[in-house]
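Everything below concerns the one structure shown next.
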Amino acid sequence: MAIDRTIVPDIHDAVEFDYKLPGVNAEKLDNGLPLYWLDAGVQDVVQIDWVFPAGLWYEQKASVAHATAGLFKSGTSRYTSEQIHEALEFYGAQLKVNAGNDNATITLYTLTKHLPDLLPMVYEIITDSTFPEHEVAIHKHNAIQKLLVNLRQCEFVANQQIDALLFGEHHPYGRYSKKEKIEALEREDIVTFYNTYYNLANAKMFMGGKAGANEVKCINAVFGKAPLIGRVIERASFAPVHPSERIHKIINDPNGVQGAIRVARLFPNRHHPDYTPMVVLNTLFGGYFGSRLMSNIREDKGYTYGIYSSVTPEVGGGSMTIHTEVGTGVVDNAIKEIYHEMQVLCNEEVDEEELLLVKNYLLGGLLGDLDGPFSILQRWRSIILNGFTEEHFNNNVRIYKTITPAELQALAKKYYNPEDFYEVVVI
């Protein structure tokens, strides 16, 4: 039937839609290695993630987690670094390795048809990386040069310092790169970290895209035959250590005309019942372009091009951070307005219309996430790695839809106490 284009279609808010997370298949390879996969692709492209407990939390020596991840494609017993990169380029594939605070992830993007050719090489990279001495030297040199360049930027230093204030420099989440720490790394440190933490016995695999039984069979033929021998990795315990002073000002450039501001406090991780409600409140406060902070400090006062607030959940505890860069002459005024907006949220209920806009923003983003196989896979990866089920996703949607102005005000009173926040200004 032809569409009558003279009739204006109905407009619906995102809160009116139903949200269903596509299911994921969970199975074990022949050797017991867990594989979570979903077939949600249209194009013949696939993403495969290998997730290891090999983030900064597990470092025995500073900077070794990032160095190991950065050197993963540096060579194996059979392949040189050049051969690995040439093979990936030949097949139009990408292999990325990233070490975060808790986990390290190896990600392969490739056309589905190239899996039989690429998986054996990826298997060898994961199980037989050799970390040649000359590659380690090149990595250390490049890492130091990159660090020295970054240290000239006030926003980079501010990011380092606010985490160190919140958690302490000896806490994995507060630890940051230093020239002498990188220089002190030896090849043996990297090999030891790799052998201990990049063990398939402790890995989880995730696959999404145009994937089905044939791709699972292909993975099983390579990774399902690997011997899973290794000890269970146990998480050490770390407690945040705060300095006595809440406010720190650092002169990074005596001639600097811009100050990087970070205002932050500790906040629970995803398992806490306040986490998802805080996602809503944080979005309204400073989590998107139409937020309170943006409207005041950018649009009204003209102090900055952008100001944002973020909630970062980590396995060992999270944080809430407001970050912006302003002219040195308005640093104090900008910080004053940040706390002013906190107090407004504590003292006054949010208008229903403004809250509806935030709900539609969050749920609209969720709709976009559910439209592609890779973003769906990342949703499931987060759920599984955090020990949740699909009900966690459904509960988040319910909170996004139903949270009230009164609930947000109570949350603001609980978490927007200025005495709980630490401040870093770097000029």
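The values are calculated or read from the model by the stated rules, or taken from the named source; none is laboratory data. Not measured: the values here are computed from a predicted model. Here Cβ is always computed from backbone atoms with ideal geometry, including for glycine, and neighbour counts include all displayed protein chains.
The table that follows gives values for the structure above.
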{"quantity": "Residue in segment 315-337 that is assigned to a helix (DSSP H, G or I), among the acidic types (Asp, Glu) and buried (at least 17 other Cβ atoms within 10 Å of the Cβ) present", "calculated": "yes"}
{"quantity": "Long-range neighbours under 7 Å by Cβ, at least six apart or interchain, first residue in the same structural domain as GLU352 (by TED's automatic domain parsing) within segment 266-286, second assigned to a helix (DSSP H, G or I) and among the small types (Gly, Ala, Ser)", "calculated": "LEU281/ALA412"}
{"quantity": "Cβ-Cβ under 6 Å pairs, at least 6 apart or on other chains, segment 134-160 side surrounded by 19 or more Cβ atoms within 10 Å (Cβ to Cβ), far side in a helix (DSSP H, G or I) and aliphatic (A, V, I, L, M)", "calculated": "LYS140/ILE182; ALA143/ILE182"}
{"quantity": "Residue ID - nearest to MET205 (Cα to Cα), chosen from residues in segment 2-36 that are free of Cβ contacts under 8 Å to residues at least 24 places away in the same chain and of a type in the set (Val, Ile, Thr)", "calculated": "ILE11"}
{"quantity": "Residue match in segment 18-41 (condition: in contact with a Ser or Thr (Cβ under 6 Å, 6 or more places away or on another chain), in the same structural domain as LEU108 (by TED's automatic domain parsing) and either over 28 Å from GLY316 (Cβ atoms) or at pLDDT below 90 (or both))", "calculated": "no"}
{"quantity": "Filter result for the condition that a residue is modelled with pLDDT under 95 and assigned to a helix (DSSP H, G or I), over ALA164, ALA158", "calculated": "ALA164"}
{"quantity": "Test for LEU108: is it in a helix (DSSP H, G or I), within 21 Å of ILE219 (Cα to Cα), modelled with pLDDT of 95 or more and touching a helix residue (DSSP H, G or I) at 6+ places or on another chain (Cβ under 9 Å)", "calculated": "no"}
{"quantity": "Subset of segment 133-176 (residues that are in contact with a Ser or Thr (Cβ under 6 Å, 6 or more places away or on another chain) and over 30 Å from ARG265 (Cα atoms))", "calculated": "GLU135"}
